[in-house]
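To start, the structure itself, in structure tokens.
What follows is calculated from the coordinates using simple rules that are stated; it is not laboratory data. Just so you know, these numbers come straight off a predicted model, no measurement behind them. Neighbour counts run over all protein chains shown; Cβ positions are idealised from the backbone, glycine included.
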């Protein structure tokens, strides 16, 4: 079968257009809401810029995932899965159930498994999104300080897990420390940006500090790997 | 008589409508392929994949309860459809809320979170469309051995930069969960091998969240968070206003 058939590109293009329409809908609606509740338009516009800049490096990494998966699955299926709903880790694992995809039955089965695996992610938020939001409002209305600390604790819980994750291969020797060195490099770059901001008072630094530090960390992974491996 | 719907009610209504429409489109793909190629499911392969499906159903439940409170209503409805949550949408929303000086869980936080996730989704789709259009040119570059380490290390690079901001501002809250996770992953790597971390991360995010919430509650009740970052800022702001 032709895994890169024009009709597959057409279907994926239509689905992605629908999801993009949803994103545009919520962007416009939220922007308008921000204006209605008195938020400064400058803050809203800056958020658009920051989110756009922040997204570039991770989006290129996702594109790399598409290129990798396209060897086995053609371009349209990985394009669909990684543009919407999916995650690189799941799609890679799900496609790993077969070594090669040559016949149509295998292709549709892999596409089916990828889709069914994410069905809870698609529908559960629709059923419980409202309850979770009401729950958060209740927590915050009971005790505002605790409500804010609760949110901070949520973030810190996630960040602490990824901090641990970085150390998840240290048993393999120096090679396993590459993610740790990248983590520390990126953290150092961010700290330098923070210091630079304090000293120079250049506010624009805040817009680019995180994406810049992330790219510095990623780029330094190249010499670290060549020195260590 | 029609019930008066406020902005929040409409957010949930629109979120659900869009969620159903987009989910139906996404689910339709394998079935349309069956029709186009006159193909059927290979049930042996489906059975092989059931373990993977079950694992990701559990991960999805956990992600919904962990990320939905952070992202707000609109952000949740959009973020879960566009995917790539932990490696892109959640960090992006957190960074934008931090930079805009708004707190998650407030109306302003909801607006910023929603805008950032929408923009991030649109930019991702544009970059990927562009990449797909010139994939033949890009493939040798993106698959080059020289660049591979950079793309392999995106999560450490992303969370390194984020950690320095959040830990420095909330070190009293961070100290226990960070120490716990370091121990879990380091011991896990020696006990279960290097591949274990990939499996563990899905489970340890909610575990980290629950432990951090419980620990924060305890130290909050004991009054140990008086000097914590935002409380200091709040106190300074109050004294500014009083002056």
Along its principal axes, what span do the Cα atoms of the stretch B:170-228 show, with the longest given first and each in whole Å? 41, 16, 14
Kirkwood-type radius of the stretch B:119-200, with distances r between different C-alpha atoms, in Å: 16.2
Peptide A:60-73, shielding by other chains (average Cβ, 10 Å cutoff): 6
List, largest first, the extents of the alpha carbons of the stretch A:103-229 along their principal axes, each in whole Å. 57, 47, 32
For n ≥ 4 DSSP H runs only, could you compute -39500 (n - 2.57) per run for chain A, divide by its residues and tell me the 222 nm figure to the nearest 500? -28500 deg cm²/dmol
Whole-percent pair-distance distribution, where bins are 10 Å wide, for the alpha carbons of chain A: 6, 19, 30, 29, 14, 3, 0
Per residue of A:3-14, other chain Cβ atoms within 10 Å number on average 2
In whole Å, how far is the Cα centre of the stretch A:20-46 from that of the stretch B:82-134? 13
Rounding to the nearest 10 and keeping the result within 0 to 90°, find how far the Cα-based axis of helix B:43-82 lies from the longest principal axis of chain B. 40
For B:199-207, mean number of other protein chain Cβ atoms within 10 Å: 4
Between helix B:7-37 and chain B, what is the angle of the helix's C-alpha long axis to the longest principal axis, kept within 0 to 90° and rounded to the nearest 10? 20
Volume per residue of the C-alpha convex hull in chain B, rounded to whole Å³: 232
For the stretch A:153-229 and the stretch B:1-40, compute the distance between their C-alpha centroids and round to whole Å. 38
Using alpha carbons only, how many angstrom separate the centre of the stretch B:156-192 from the centre of the stretch A:70-144? 27
Going highest first, how would you order B:69-75, A:42-48 by mean Cβ packing within 10 Å? B:69-75, A:42-48
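For chain B, what is the calculated [θ] at 222 nm in deg cm²/dmol (nearest 500), taking -39500 (n - 2.57) for each run of four or more DSSP H residues and dividing by its residue count? Intermediate results must be reported in sequence, preceding the final value.
Working: 10 runs with 200 residues, N = 243.
Calculated at 222 nm, the ellipticity per residue is -28500 deg cm²/dmol.
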If you average 1/r over every pair of different alpha-carbon atoms in the stretch B:1-56 and take one over that average, what Kirkwood value in Å do you get? 14.7
Taking the 0 to 90 degree range and rounding to the nearest ten, how far is the long axis of helix B:229-242 tilted relative to the main principal axis of chain B, both from C-alpha atoms? 50
Write down, largest first, the equivalent ellipsoid semi-axes of the stretch A:1-84 in whole Å, where each equals the square root of 5 times an eigenvalue of the alpha-carbon gyration tensor. 34, 16, 6
Taking 1 over the mean of 1/r across every pair of different Cα atoms in the protein assembly as shown, what Kirkwood radius in Å do you get? 22.9
